[in-house]
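Worksheet: the structure to be examined is printed underneath.
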Amino acid sequence: MSLLAAVPHVVSTESGAVQVLGVTLVGVSVTTAVKLLFTGLLVAAAMLLRAGALLVLRRVLGGEVADPRRFWARQALQVVTAVVLVLGTVSIWITPETDVSTGIGLISAGLAFALQQVIVSLAAYVVILRGDTFGVGDRIELGGVRGDVVRLGFLRTTIMEMGTPPAVAASDGASWVHARQYTGRLVTVSNGVIFQEPVSNYTRDFPYLWEEIVLAVPYTADRRRAEELMLAAAHDHAVVGDEGAEWALARMRAHYAMADASLEPAVYWRLTESWLELSVRFLVPHRGVREVKDAMARQVLAGFDEAGIPVGAPASVDVVGVPPLRRAAD
């Protein structure tokens, strides 16, 4: 007997079953191996074609990443790739002779339980696209994160985080940038958050914001002159008489049950025990708010200095009278 005859085959395929060292692998056959091979080839081909299509889209469309054309083309390509992979895998593994009803039911139940967060995120992705909730380039607040949407995927949204004004930061989380400017952090938020928390969109329907600058002046100051200086700064730097803002507000009122709102700057007075609080309300674009408020603050302070109007709460108490002093008798 030769040595080869004495040693059993390492792998054999007798009767269609795969055997290793004489042990039959349950559920593994030549057909299964072929299907696995074709599935791998399908995935590899789909990924290669997707990468090539993305390269062509970048060359043809050009522009920036936030370009709506590139965004929608990328989303369409991802959807087509996913559909091709699902249909191709089903076609490979399921044949007309296969009874898959029970298996599909069990697999579906298991996947629904194990991947419930993934399913919620996918459903949220569809709602985001179909409901015009937000898109790439919009400035939003999602899941407690404020910033610009830089990427929107099937499961997650990536946001370039921005800081918050001091009043907001003090009550709603700390931030080392005390304005609506980038912090430099990229934050990833699950799409499913839109079903649990409100979504604030700074840009979608009305790309403007109403802002205020609040100053405290003494009651003895020239209040009318202070109001004039604050209004002048608002007219010089804020959005005033802009046709685009008027059109955006009209569109908002046409789509939503919104009361009329004034786009003109205005100063409001508030009485306190020690000083008069003046609040100038004005309209600004959704980006560049800090620059506008900085220019207004510089102009207002220069005008107050020239007019001799002090700013801020009084730091001292005026003494209006002193009781008479009497010397005790010896």
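What the table below lists for this structure:
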{"item": "Theoretical FRET efficiency, 1/(1+(r/R0)^6), r = Cβ-Cβ of Ile119 and Phe38, R0 30 Å, to 0.05", "result": "0.65"}
{"item": "Chymotrypsin sites (Phe, Trp or Tyr not before Pro) lying in DSSP loop within the stretch 175-217, provided at most 15 other Cβ fall within 10 Å", "result": "Trp176"}
{"item": "All-pairs Cα distance distribution in the stretch 199-255, expressed in whole percent, bin size 10 Å", "result": "18, 37, 26, 16, 3"}
{"item": "Charge sum, other residues only, whose C-beta stays under 12 Å from Val80's C-beta, Lys/Arg counted +1 and Asp/Glu -1", "result": "+2"}
{"item": "Estimated FRET transfer efficiency when R0 is 25 angstrom, pair Gln78-Val177 (beta carbons, to 0.05)", "result": "0.15"}
{"item": "Contact order relative to length of the stretch 208-307, as percent, for alpha carbon pairs under 8 angstrom and 6 or more apart", "result": "45"}
{"item": "Among Ala302, Met258, Leu215 the positive-end extreme of the charge dipole of the stretch 208-307 (Cβ point charges)", "result": "Met258"}
{"item": "Mean shadow area of the stretch 208-307, taken as a quarter of the surface of its Cα convex hull (nm²)", "result": "7.2"}
{"item": "Contour minus Cα-Cα distance for Asp260 and Glu212 (0.36 nm per residue)", "result": "15.4 nm"}
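Values quoted throughout were computed directly from the atomic coordinates according to the rules given, and no laboratory measurement underlies them. All values derive from a computational prediction rather than experimental measurement. Using ideal geometry, Cβ is built from the backbone for each residue, glycine included, and neighbour counts are taken over all protein chains shown.
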